[in-house]
Amino acid sequence: MKKSKGVVIIAVIMACLIGLGYYTTTIVSTTSTSQAKTDNKEKSQGIKLGLDLSGGVSITYRIVDKNPSKEDVNDTVAKLEERAESYSTEYAVYPVGDDRITVEIPGVYDANKVLEDLGSPGSLYFITQKGSDGTDNYSIGEDGEYQLNKDIDTLQQDGSILFDGNAVKSANAAYNQDQSTGSKDPVVQLVFNSDAAEIFGDATTKAYANKESIGIYYDDHFISVPSVKSAITDGQCVIEGQADYEEAEQLATFIRVGAINLKLEEMESSVVGAQLGGKALSSSVKAAVIGLILVMLFMIVCYGLSGVVASLGLAIYTTLVVSLIYLFEITLTLPGIAGVILGIGMAVDANVIIISRMREEVASGKSVLISIKDGYKKAMSAIIDGNVTTFIAALVLMWLGSGTVKGFAYTLMISILVSVFTALVISRFLNLALYGVGLKSEKWYGRAKEHKTIDFIKHRWVYFIVSLVVIAAGFVGMIAYSASGNRALNFSLEFMGGTSITADFGKDYTVEEVEEKIVPEVASVIGDNAIQASTVSGSNNVTIKTKTLSLEERESVSNMLVDKFGVDESSVESQSIGSTISGEMRKNAILAVIVACIFMLFYIWFRFKDIRFAGSAIVALVHDVLVMLTAYALTRISVGNTFIACMLTIVGYSINDTIVIFDRIRENMASMRKQTPETLAEVANRSLTQTLTRSINTSITTIIMVLLLFILGVSSIREFALPLMVGLISGTYSSIFIAANLWYVMKLHLGKNRLVKKNAGKKKK
């Protein structure tokens, strides 16, 4: 590369970094400022933050139906979750007492606007124009609006109600282009489930023949009475006639919201503060900044000029990720931060792999320029395979997950794409540009040192036993806690539900004051630190959510609030609340992880042409999950929203770490003349030794980020960071000591071409 071209590339990259840095600083600054203004109900102009970091709107509905069944309540919660997701992937929907359901939506501070957009959930029916007796089921009244001529019970008995809103799979506003005029008109696109599609096909065939309509009846009035212009047999249709796109959007919302079994009415709404406290965001940002600086210094000290290049790439990665999260309006929560941290680890990892490869090429006697180019070529497969495997997991989590899981998946996908781009594109151009401007000496790039091959395979059974003992300790601990009358894991109120206490404190407390003064006092009374407290905008009320409390414990908390904070006893209200992580959300999370593992298994099998690579990678992944479970069981860390995020983070980290080692084994096997137990052990040991420095350095840089969160974060963030560090250490351990050793054992004993049987047969002859 010519010197002038190198100067231009360096100038362009630095200009982009400065521009992105300024843009990111503005976004972060605006986010912090907007968070401080939430008490004034001003909508955030920065990054959208979840309820845990910023707060939002809380709406409580009362169930009108008497004695609703648990099944109907759970179904209604699930349907409200679907509705809430149209506002944000991060939300909370949970039952309160026996006849209430609360919906909490982050990043919005105008409760009236949310209520107006969401509407009052009620029953929705699709009704034929005429009944079985040929008379009209509905007609236009004196006010010019359609009205029912018969009651709902009569219509149901008559068969005039085709189905209710539960048959609607999706309802969305869109534009439909007229093929004759070319104009685009707003419409509502409906998709029905398979059973309803068949019913709708028969009904529209009849209605089209008789030039009739099919009315959509919601919450005691008709919201649309479209004429049937053709028979619709594929379960998909559009509703035309909307004046504008906003009207189409409103109709689509009514149809979506109407797919709820129970009749609900709005009881109260308010703006609530951050669940993790006001310091959660600021401390996380501070930890991230300090952590990034330390990681960059570590890279520069270890790798010199290549470390500087990697640090610049990491800076561009960070600014790009923040910018994309803002531009795509992704709601950022603590699990989302986990996705970004994982991305930082993978970005560092990609650069370390490239640097290691470049140094190996220099050590082999190649020129610096050829070493740079070949280093990127040889690092490509490990980086692509590791990131694609993790990206597959993120796609599955986005597809099948909900709530926190989906939010994690979005941030992880962005992080992966940006990390690959900065490692393979930005740093490559920067390395070549620096070489072009005159930094051509080998001393700038380094030379790989010869390391004595470590015999990891020799002690494989020791590693297996150590892992089994650690995992067994977790199960023993869970059994012991269960036998003593406690739960196997310390499930938080997000999983188990609990008690919500609201009181008027007579003065306007800030979130920080609540966290520093009120929460510790409540914790000392109930003997548990897993507490969520939030302020209520426009009032002196504070809401405190804890584990399920007995009547005696509720009274103790009430008396403490009266004695220490002068709370009016009559204003103290306590009620039971359901889990914010619904059964549906838990089931989706587990299903998503299982399906992701299956897809990763097939991808690794396809890329490495040997299912034993895939099988050992997945077993190592399960190993790390079980080790983290042991950490939760023995330390009694609260298992809540962050539990899912921690598990998902380690799934991504573990599989990426293992792929890098397997890629080196695959490469070294290509030069192997003959496969024997001895040569396989030699290849495994050499591959592990060659990648050992990379594995350790990548782990150190990732752990630095999490350690800073643990040191600087509030108590709830520390409960997130501690098990994450355990998982990162376990992921590194399993990649080095479990995955490769397990592959070696499988290679000897499993499969058609297993070596033990093959060699035994030869000896027999």
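Hey, any hits in the range 494-503 for a residue that's under 30 Å from Lys3 (Cβ atoms) and outside any helix (DSSP H, G or I)? Reasoning before the result, please.
Taking the range 494-503 as the starting set, the residues that turn out to be under 30 Å from Lys3 (Cβ atoms) are none.
No: zero hits.
Suppose we keep only residues that are touching a Ser or Thr at 6+ places or on another chain (Cβ under 8 Å) and not hydrophobic (A, V, I, L, M, F, W, C) within the range 617-641. Which one would you say is surrounded by the most Cβ atoms within 10 Å (Cβ to Cβ)?
Result: Asp624.
Just the residues that are crowded, with 21+ Cβ neighbours inside 10 Å and under 27 Å from Ile604 (Cβ atoms), please, taken from the range 360-373.
If the condition is that a residue be crowded, with 21+ Cβ neighbours inside 10 Å and under 27 Å from Ile604 (Cβ atoms), then Glu361 is the only one that fits.
Does Phe602 count as closer than 28 Å to Ile729 by Cα and exposed (fewer than 15 other Cβ atoms within 10 Å of the Cβ)? Write out each step before concluding.
Values: closer than 28 Å to Ile729 by Cα: yes; exposed (fewer than 15 other Cβ atoms within 10 Å of the Cβ): yes.
For Phe602, the condition - closer than 28 Å to Ile729 by Cα and exposed (fewer than 15 other Cβ atoms within 10 Å of the Cβ) - is met.
So Ala173 passes all but one of these: (1) in contact with a helix residue (DSSP H, G or I) (Cβ under 7 Å, 6 or more places away or on another chain); (2) under 21 Å from Leu262 (Cβ atoms). Which condition number does it fail?
The number of the failed condition is (2).
Does Val362 count as in contact with a helix residue (DSSP H, G or I) (Cβ under 9 Å, 6 or more places away or on another chain), farther than 30 Å from Val285 by Cβ, not charged (D, E, K, R) and not in a loop (DSSP other than H, G, I, E, B)?
Working: in contact with a helix residue (DSSP H, G or I) (Cβ under 9 Å, 6 or more places away or on another chain): yes; farther than 30 Å from Val285 by Cβ: yes; not charged (D, E, K, R): yes; not in a loop (DSSP other than H, G, I, E, B): yes.
Considered against the rule, which asks whether it is in contact with a helix residue (DSSP H, G or I) (Cβ under 9 Å, 6 or more places away or on another chain), farther than 30 Å from Val285 by Cβ, not charged (D, E, K, R) and not in a loop (DSSP other than H, G, I, E, B), Val362 comes out as yes.
Specify the residue that is modelled with the lowest pLDDT; the eligible residues are those in the range 278-290 that are in contact with a Ser or Thr (Cβ under 8 Å, 6 or more places away or on another chain) and open to solvent by less than 20 Å² (accessible area, probe 1.4 Å).
Gly278
So which of Val352, Val309 ends up being in a helix (DSSP H, G or I), touching a Leu at 6+ places or on another chain (Cβ under 8 Å) and on the phi < 0 side of the Ramachandran plot? Don't jump to the end; show me each part of the working.
Values: Val352 fails: touching a Leu at 6+ places or on another chain (Cβ under 8 Å).
After ruling out the rest, the residue left standing is Val309.
Just give me the residues in the range 474-493 being part of a helix (DSSP H, G or I) and open to solvent by 40 Å² or more (accessible area, probe 1.4 Å), in sequence order.
As a first pass, look at the range 474-493 and keep what is part of a helix (DSSP H, G or I): 474-483, 493.
Once the filter is applied, which keeps residues that are part of a helix (DSSP H, G or I) and open to solvent by 40 Å² or more (accessible area, probe 1.4 Å), the range 474-493 yields Phe475, Val476, Ile479, Ala480, Tyr481, Ser482, Ala483.
Residues to consider are Asp195, Asp185, Asp202, Asp219; find the one that is over 39 Å from the mean Cα position of the chain (by Cα) and either under 20 Å from Tyr245 (Cα atoms) or among the acidic types (Asp, Glu) (or both). Break it down into steps so the answer makes sense when it comes.
Working: Asp195 fails: over 39 Å from the mean Cα position of the chain (by Cα); Asp185 fails: over 39 Å from the mean Cα position of the chain (by Cα); Asp219 fails: over 39 Å from the mean Cα position of the chain (by Cα).
Going through Asp195, Asp185, Asp202, Asp219 in turn, just one is over 39 Å from the mean Cα position of the chain (by Cα) and either under 20 Å from Tyr245 (Cα atoms) or among the acidic types (Asp, Glu) (or both): Asp202.
Just for the range 657-706: of the residues that are among the charged types (D, E, K, R) and not in a helix (DSSP H, G or I), which one is least open to solvent (accessible area, probe 1.4 Å)?
As a first pass, look at the range 657-706 and keep what is among the charged types (D, E, K, R): 657, 663-664, 666-667, 673-674, 678, 682, 686, 694.
If we keep only those that are not in a helix (DSSP H, G or I) as well, we get 673-674.
Values: Arg673: 242, Lys674: 125 Å².
That would be Lys674.
Checking the condition touching a residue at least 12 places away in the same chain (Cβ under 8 Å), over 41 Å from the mean Cα position of the chain (by Cα) and not in a helix (DSSP H, G or I), which residue from Lys169, Lys150 passes? Steps first, please.
Working: Lys169 fails: over 41 Å from the mean Cα position of the chain (by Cα).
Lys150 is the lone residue from the list that is touching a residue at least 12 places away in the same chain (Cβ under 8 Å), over 41 Å from the mean Cα position of the chain (by Cα) and not in a helix (DSSP H, G or I).
Considering only residues of the range 374-395 that are open to solvent by 10 Å² or more (accessible area, probe 1.4 Å) and among the aliphatic types (A, V, I, L, M), which is farthest from Tyr326 (Cα to Cα)?
Met380
Please go through the range 153-166 and pick out each residue that is open to solvent by 30 Å² or more (accessible area, probe 1.4 Å) and in a loop (DSSP other than H, G, I, E, B).
Gly159
Restricting to the range 320-356, give me the number of residues that are at pLDDT 85 or above, open to solvent by 10 Å² or more (accessible area, probe 1.4 Å) and closer than 20 Å to Asn697 by Cα.
Looking only at that region, the number is 3.
If the requirement is being under 19 Å from the mean Cα position of the chain (by Cα), at negative phi and surrounded by fewer than 17 Cβ atoms within 10 Å (Cβ to Cβ), which of these qualifies: Trp444, Trp399?
Numbers: Trp444 fails: under 19 Å from the mean Cα position of the chain (by Cα).
Of Trp444, Trp399, the one residue that is under 19 Å from the mean Cα position of the chain (by Cα), at negative phi and surrounded by fewer than 17 Cβ atoms within 10 Å (Cβ to Cβ) is Trp399.
From Val660, Val625, Val619, Val683, grab the single residue that is among the β-branched types (Val, Ile, Thr), without any contact (Cβ under 8 Å) to a residue 24 or more places away in the chain and under 24 Å from Val745 (Cα atoms).
On the way: Val660 fails: without any contact (Cβ under 8 Å) to a residue 24 or more places away in the chain; Val625 fails: without any contact (Cβ under 8 Å) to a residue 24 or more places away in the chain; Val619 fails: without any contact (Cβ under 8 Å) to a residue 24 or more places away in the chain.
Within the list Val660, Val625, Val619, Val683, the selection yields Val683.
Mind listing whichever residues of the range 402-441 are of a type in the set (Phe, Trp, Tyr) and over 11 Å from the mean Cα position of the chain (by Cα)? Break it down stepwise before answering.
Just the residues of the range 402-441 that are of a type in the set (Phe, Trp, Tyr), to begin with: 408, 410, 421, 429, 435.
Within the range 402-441, Phe421, Phe429, Tyr435 qualify.
Select from the range 291-318 the residues that are open to solvent by less than 30 Å² (accessible area, probe 1.4 Å), without any contact (Cβ under 8 Å) to a residue 24 or more places away in the chain and over 21 Å from Ile372 (Cα atoms) and list them in ascending order.
none
For the range 402-441, give me each residue that is of a type in the set (A, V, I, L, M), surrounded by fewer than 19 Cβ atoms within 10 Å (Cβ to Cβ) and more than 18 Å from Ile659 (Cα to Cα).
Val425, Leu432, Val437, Leu439
Got at least one residue in the range 511-525 being touching an Asp or Glu at 6+ places or on another chain (Cβ under 7 Å), within 22 Å of Val57 (Cα to Cα) and surrounded by 15 or more Cβ atoms within 10 Å (Cβ to Cβ)? Can you show your working first?
Here is the first cut: in the range 511-525, the ones touching an Asp or Glu at 6+ places or on another chain (Cβ under 7 Å) are none.
Looking through the range 511-525, none of the residues is touching an Asp or Glu at 6+ places or on another chain (Cβ under 7 Å), within 22 Å of Val57 (Cα to Cα) and surrounded by 15 or more Cβ atoms within 10 Å (Cβ to Cβ).
Within the bounds of the range 749-756, is there any residue that is in a helix (DSSP H, G or I) and either open to solvent by 20 Å² or more (accessible area, probe 1.4 Å) or modelled with pLDDT of 90 or more (or both)? Reasoning before the result, please.
Quick first cut of the range 749-756, residues in a helix (DSSP H, G or I) only: 749, 755-756.
Still in the list and also either open to solvent by 20 Å² or more (accessible area, probe 1.4 Å) or modelled with pLDDT of 90 or more (or both): 749, 756.
Yes; the residues of the range 749-756 include at least one that is in a helix (DSSP H, G or I) and either open to solvent by 20 Å² or more (accessible area, probe 1.4 Å) or modelled with pLDDT of 90 or more (or both).
Filter the range 396-431 down to residues that are closer than 15 Å to Ala589 by Cα, in a helix (DSSP H, G or I) and in contact (Cβ under 8 Å) with a residue 24 or more places away in the chain, then give me how many there are.
Within the range 396-431, the subset closer than 15 Å to Ala589 by Cα is 396-410.
Okay, now just the ones that are also in a helix (DSSP H, G or I), so 396-400, 404-410.
With in contact (Cβ under 8 Å) with a residue 24 or more places away in the chain added as a condition, the list becomes 396-397, 399-400, 404-410.
Residues in the range 396-431 being closer than 15 Å to Ala589 by Cα, in a helix (DSSP H, G or I) and in contact (Cβ under 8 Å) with a residue 24 or more places away in the chain: 11 in total.
The values are calculated or read from the model by the stated rules, or taken from the named source; none is laboratory data. Worth saying up front: this structure is predicted, and the values here are computed from it rather than measured. Note that each Cβ is placed from the backbone with ideal geometry, even for glycine, and that neighbours are counted across all protein chains shown. The accessibility values were calculated without ligands, DNA or RNA, using every heavy atom of the protein model including side chains. Shrake-Rupley method; radii C 1.70, N 1.55, O 1.52, S 1.80 Å.
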